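The values are calculated or read from the model by the stated rules, or taken from the named source; none is laboratory data. All values derive from a computational prediction rather than experimental measurement. Cβ coordinates were reconstructed from backbone atoms using ideal geometry, including for glycine residues, and neighbour counts include every protein chain displayed. For accessibility, only protein heavy atoms count, side chains too; no ligands or nucleic acids. Shrake-Rupley method; radii C 1.70, N 1.55, O 1.52, S 1.80 Å.
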Amino acid sequence: MPRPILDESAIHSAIRTKVAGWNRGIVDEVKAAVAAHPVVVVGMRQNPFPARARKALQAIGQPFQYLEYGSYFSMWRPRSALKMWTGWPTFPMVFVRGVLVGGAGELQALIDSGELKALLG
């Protein structure tokens with residue numbers, strides 16, 4: 001099922017550039033990391049779930065790129081651009097071979113099932 005995204009034609013032409021460029025730098029930075037690394041974890045300080053994802057990857061010896069953007073009280077606007085881009089509402093955001101696989105719980109399920117190894121195979 002496709003996720004609902006406001007159609008480009010429903011955005012007034014006077015604001016399309018603003019919408020397209022809003023906090024674009026953080027999205028471009030994550031896109032570049034996802035293109036350059038097999039596993040990328042995007043997180044934030046003070047949130048225990050990005051740490052769980054990193055520890056799970058370290059426990060199996062899987063290298064990864066970690067990007068950290070602020071804390072609960074800083075960089076929330078740029079992080080919201082990532083949420084809008086991916087459709088994933090929480091951190092971490094874990095990417096495997098360019099595919100968003102979810103957060104820490106979903107990553108652990110992939111590790112436990114052996115699917116992560118197959119995806120990286």
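Using a 1.4 Å probe on the protein chains only, how many percent of the accessible area of segment 58-121 belongs to carbon and sulfur? Looking at segment 58-121 in its full context, I get 58 percent from C and S. One quarter of the surface of the convex hull around the alpha-carbon atoms of segment 16-56 equals 3.9 nm², the direction-averaged projected area.
Once all protein chains are placed together, SER13 keeps about 80 Å² accessible to a 1.4 angstrom probe. Using the Cβ of GLN65 as centre and a radius below 12 Å, the other residues enclosed give a net charge of -1, where K and R count +1 and D and E count -1. Expressed as a fraction of 2.2 N^0.38 Å, the value expected for a compact globular protein of N residues, the C-alpha radius of gyration of segment 57-117 is 1.21. Taking all Cα pairs closer than 8 Å and separated by 6 or more residues, the relative contact order of the chain comes to 28 percent. The phi-based Karplus calculation (6.51 cos²θ - 1.76 cosθ + 1.60; θ = phi - 60°) puts the 3J(HN,Hα) values of segment 109-121 at 5, 5, 5, 4, 7, x, 5, 4, 4, 5, 4, 8, x Hz, whole numbers, x for Gly and Pro.
Let me know the number of lysine pairs in the chain closer than 21 Å at the Cα, not counting same-chain pairs under 8 apart. Close lysine pairs found across the chain: 4. Heavy-atom accessible area with a 1.4 Å probe sorts ARG54, ARG77, ARG45, largest first, into ARG77, ARG45, ARG54. Other residues lying with their Cβ under 11 Å from the Cβ of PRO78 contribute a combined charge of +3, Lys and Arg counting +1, Asp and Glu -1.
Helix-only arithmetic for the chain: the sum of -39500 (n - 2.57) across DSSP H runs with n ≥ 4, divided by the residue total, places the mean residue ellipticity at 222 nm at -14000 deg cm²/dmol. DSSP assigns beta bridges within the chain; of those with both partners inside it, close to 65 percent run antiparallel.
Distance distribution note for the chain: the fraction of Cα pairs above 20 angstrom is 46%. 3J(HN,Hα) couplings calculated from phi for segment 78-93 with the Karplus curve 6.51 cos²θ - 1.76 cosθ + 1.60 (θ = phi - 60°) are, in sequence order, x, 4, 5, 5, 5, 5, 5, 5, 8, x, 8, x, 9, 10, x, 10 Hz; Gly and Pro show x.
Solvent-accessible surface of segment 15-121, taken per residue with a 1.4 Å probe and all protein chains present: 56 Å².
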